[in-house]
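Engineer: For reference, the structure I am asking about is given below.
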Amino acid sequence: MSLKELVVDLQKCDSAERTMDVLKALEATTVTITDLQELKVGAIVNKLRKHEDGDVATFAKSLVKKRKAL
């Protein structure tokens, strides 16, 4: 699945389980700074840091932290 498809899926997720699946797939995907800027992946994942499901929020926080290291 391409990065763009993952971002679209992430925006359409209707359950915490599906959101976690997409976040894990995003984590495993190689992302460049250009990708982050063009697809606004960071903004989308950043919103998930306040997700009602604690696991999703924690995972999103760790993913944002890893991507900021780029």
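Engineer: Just checking: which of the helices (runs of 4 or more DSSP H) contained wholly in the chain hold 2 or more residues that are small (G, A, S)?
Structural biologist: 16-28, 41-47, 54-68
Engineer: Filter region 51-69 down to the residues that are loosely packed, with under 12 Cβ neighbours inside 10 Å and either touching a residue at least 40 places away in the same chain (Cβ under 8 Å) or not small (G, A, S) (or both) and list them by number.
Structural biologist: Matches in region 51-69: E52, K65, K66, K68.
Engineer: Within the set of pairs 6 or more residues apart or between chains, which connect a residue that is of a type in the set (D, E, K, R) inside region 1-14 to a residue that is open to solvent by 30 Å² or more (accessible area, probe 1.4 Å) with Cβ atoms less than 6 Å apart?
Structural biologist: That search, which allows pairs on different chains as well, returns nothing.
Engineer: What are the residues in region 1-33 that are of a type in the set (D, E), surrounded by fewer than 16 Cβ atoms within 10 Å (Cβ to Cβ) and more than 16 Å from K65 (Cα to Cα), if any?
Structural biologist: Selection gives E5, D14, E17, D21.
Engineer: Return the pair list, or none, for Cβ contacts closer than 7 Å from residues in region 22-37 that are over 13 Å from L10 (Cα atoms) to residues that are modelled with pLDDT of 90 or more, at least 6 apart or on different chains.
Structural biologist: Here the result reads T29/L3; T29/L6; V31/L3; D35/L3, each pair linking region 22-37 to a residue that is modelled with pLDDT of 90 or more.
Engineer: Check L48, L36 and return the single one that is closer than 19 Å to A16 by Cβ and buried (at least 17 other Cβ atoms within 10 Å of the Cβ).
Structural biologist: L48
The values are calculated or read from the model by the stated rules, or taken from the named source; none is laboratory data. Just so we're clear, the structure is a prediction, and the values are computed from it rather than from any experiment. Note that each Cβ is placed from the backbone with ideal geometry, even for glycine, and that neighbours are counted across all protein chains shown. SASA here: full protein model, heavy atoms, side chains in, ligands and nucleic acids out. Shrake-Rupley method; radii C 1.70, N 1.55, O 1.52, S 1.80 Å.
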